[in-house]
1. Could you bin all the Cα-Cα distances of the stretch 1-104 into 10 Å bins starting at 0 and give me the percent of pairs in each, rounded to whole numbers?
2. With only Lys, Arg, Asp and Glu charged, each at its Cβ (+1 for the first two, -1 for the last two), find how big the charge dipole of the stretch 25-87 is about the Cα centre; round to the nearest 20 debye.
3. For a quick protection proxy, order the peptides 175-182, 93-100, 191-198, 28-35 by their average other-Cβ count within 10 Å, most packed first.
4. Normalised by the number of residues in the chain, what is the relative contact order in percent for Cα pairs under 8 Å and 6+ residues apart?
5. State, to one decimal in nm, how far the label point of N31 lies from the label point of E166, with both points 7 Å from Cα in the Cβ direction.
6. Whole number in Å², please: accessible area per residue of the chain, 1.4 Å probe, ligands, DNA and RNA not counted.
7. Hey, what number do you get for the chain at 222 nm if only DSSP H runs of n ≥ 4 count, each worth -39500 (n - 2.57), divided across all residues, to the nearest 500?
8. Would you mind checking the pairs K60/K175; K102/K175; K60/K149; K180/K242; K106/K168; K60/K220 and listing those with alpha carbons more than 30 angstrom apart?
Amino acid sequence: MASTSETGHAKNIANFEDLISFCTGYGAAYNPGRENLTLIKLQGLYGAAQNVLQDTKSAKTAFDNATNNRRIGFADLQPFAARLVNALTAFGASELVIADAKAINKKIQGARAKEKPAPPPAGAAASPAPKTISTSQQSYDSMVDHFTKMVEIATQESSYTPNEPELKITGLQTKLNGLKAANTAVSNTYTAWSNARITRDNTLYNIITGLVPVALDVKKYIKSIFGPGSPQAKQLTALDFKVIANND
C-alpha cells in the first residue's frame, strides 16, 4: 500500500495536470508575463515531477530489497558463529584462542539488528540519516566486525582443519564477503533513496520553482485575469495543492 505522503505527492502532480488542462482551455486569454507560468514551462515541470516521483519509488524499492536481502543473509549468523566456536574447540585450539572466540561470539549472540527505516524530515535540503537507520546500520556493522575477527582467529589457528565446506577458511571468507556486500548494498541504496527524495521535494516544493508554489501562482494569475469569483477561478479552486510534510 502506498504511504500517505506518496499518494499526496502523486495527488499534487495529478492536480497539476488538470491545472494545465484548464489553462490550455483558456486559449489566448492565458498569457502570463512570468516565463515559469507559461504553458510550455508548466508542461516541463509536470514531466519532471512525474520522473522524480517514479525515481523515488524505484529507489525505495531497491532499498527495501537490499534490506530484505541483508536480513536473510544475516539470519543464520548467530547459530553459524556458535558452530565456528565449537569447531575451534573440537580441533584442539588453545584455551586462550577458544576464550577469544567465545568472547566475540557472545557479542554476536547479543546483537539486535532491527530494520526500522525512517526517512528524514521534509524539505529540499540535505539532512543526516535518521537515527533508526543509523542505529540499525551500526548494529550490522558491528556484527560484520565481530565475525571478521572470528574468521581471523580461525585463519591463524593451525589446528583448524574442518572438512565441511562452509566451515573451511574459504567458506568462512565467502560468508564474510557476502555479509559485507549485503550490508554495503543497504547503505548504498539508502543513500540513493535519500538523494531521490531530496530531488523530488525540490521539484515539487521549492519555494520559487516547485510545482506546488507554481500552481498556487497560476491560481492567483487566473483570478487576476477573470476575477476571484469567476467560473475559471472556481475551476482551479477545486484543485488542491499541499506541501507534504511526511517525507518518505
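The values are calculated or read from the model by the stated rules, or taken from the named source; none is laboratory data. Note that the structure is a prediction, hence the values are computed from the model and not measured. We place every Cβ from the backbone using ideal geometry, glycine too, and count neighbours over all the protein chains shown. Note: areas computed on protein heavy atoms with side chains; ligands, DNA, RNA excluded. Shrake-Rupley method; radii C 1.70, N 1.55, O 1.52, S 1.80 Å.
1. It works out to 12, 23, 16, 12, 10, 10, 8, 6, 2, 0, in whole percents.
2. That gives a dipole near 100 debye.
3. The peptides rank, most packed first, as 191-198, 175-182, 93-100, 28-35.
4. Result for the chain is 33 percent.
5. 7.6 nm
6. Heavy-atom SASA per residue in the chain reads 52 Å².
7. So the helix-based figure for the chain works out to -24500 deg cm²/dmol.
8. Those over the limit are K60/K149; K180/K242; K60/K220.
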